[in-house]
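As structure tokens, the structure follows; a few thoughts come after it.
The values are calculated or read from the model by the stated rules, or taken from the named source; none is laboratory data. Note that the structure is a prediction, hence the values are computed from the model and not measured. Note that each Cβ is placed from the backbone with ideal geometry, even for glycine, and that neighbours are counted across all protein chains shown. The protein model used for the area step is the full one, side chains on, heavy atoms only, and it has no ligands, DNA or RNA in it. Shrake-Rupley method; radii C 1.70, N 1.55, O 1.52, S 1.80 Å.
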Amino acid sequence: MTLQELKKSIHKKVDDSNDRELLELIDAMISRKDEVFIIPDYMKKGIEQGIQDIKNGDYITQEEFEKRYEKWLK
């Protein structure tokens, strides 16, 4: 598919869509194409710690969490 064909295909799908959520997502993706989110070091450390916790089996499931904290979820 050429670039021109791809553009036409995308344009048709957008024109035919009535899905507001999808169209807003497409708009956001196109509008923010040049934006770059830089993850701060403190967040990277937290992410790395979370990955290590998972590898070590140090976590609970969503179901376990909901049981444990049921009184606060209501």
Q. Among the listed residues TYR59, TYR42, which satisfies the condition of being among the aromatic types (Phe, Trp, Tyr), open to solvent by 100 Å² or more (accessible area, probe 1.4 Å) and part of a helix (DSSP H, G or I)?
A. TYR42
Q: Check off (1) open to solvent by less than 100 Å² (accessible area, probe 1.4 Å); (2) within 30 Å of LEU73 (Cβ to Cβ); (3) among the charged types (D, E, K, R) for GLU48 and give me the number that stays unchecked.
A: (1)
